[in-house]
């Protein structure tokens, strides 16, 4: 494996304290870096961990050393989440409008994924300023999240503050035309919720010749 590659490793191990520490120590000895870790299935005293590791000069040796770690029962090579699910578009807001945004995003993602892109769409209908602001801030912590679409009739206050925060973290934010201050905080405002989903996908797709610099600050 070239040092720039990322290997996906599914580790089956005993569900007990210290196993993760010993795994990371073994990876460190190979001069590799853990780029992502997630908990998987659990059954009785057995747990699964998916690790995504970069910089290992010899993946086979790394796997052998991980299999020798006390508490580990099996290590398998699996595709990374980037390879399977790719970039993520997150859609948050009122249920009916969220559904329409998702329709547009999924249709557009299908067009690009057929051409080799990988884009997935996640949605959650929510109401309430505090709940929405918390969800918006969490987008910046989501693995592979690239764009957020806020769909609703009225959003402002702390939600707008959260939008500005995640934009600084590199997340593109689109919103539907609505009352409140969120439209002033977002990158792009799109009146048609279906088109908002389509545009979100186009903005993050490598297979689309469309840049945020062409539309930032505009309303459609």
field: Which numbered condition residue 61 misses (of (1) out of contact with any helix residue (DSSP H, G or I) (no Cβ under 6 Å at 6 or more places or on another chain); (2) at negative phi; (3) assigned by TED's automatic domain parsing to the domain that holds residue 190; (4) without any contact (Cβ under 8 Å) to a residue 60 or more places away in the chain)
entry: (3)
- prompt: Looking at 204, 166, 159, which one is touching a helix residue (DSSP H, G or I) at 6+ places or on another chain (Cβ under 7 Å) and closer than 24 Å to residue 117 by Cβ?
  reply: 166
message: Given the criterion modelled with pLDDT under 95 and under 19 Å from residue 82 (Cα atoms), identify the matching residue among 20, 51.
response: 51
- prompt: Going by the structure shown, is residue 114 over 21 Å from residue 206 (Cβ atoms) and assigned by TED's automatic domain parsing to the domain that holds residue 204?
  reply: no
task: Report, by residue number, each residue of the range 141-157 that is touching a strand residue (DSSP E or B) at 6+ places or on another chain (Cβ under 9 Å) and assigned to a loop (DSSP other than H, G, I, E, B).
output: 142, 143, 144, 152, 153, 155, 156
field: Hits in the range 1-33 - residues which are touching a helix residue (DSSP H, G or I) at 6+ places or on another chain (Cβ under 6 Å) and assigned to a strand (DSSP E or B)
entry: 7, 13
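The values are calculated or read from the model by the stated rules, or taken from the named source; none is laboratory data. Fair warning: this is a prediction, and the values are worked out from it, not measured in the lab. In this analysis, Cβ positions are derived from the backbone assuming ideal geometry, glycine residues included, and neighbour counts consider all displayed protein chains.
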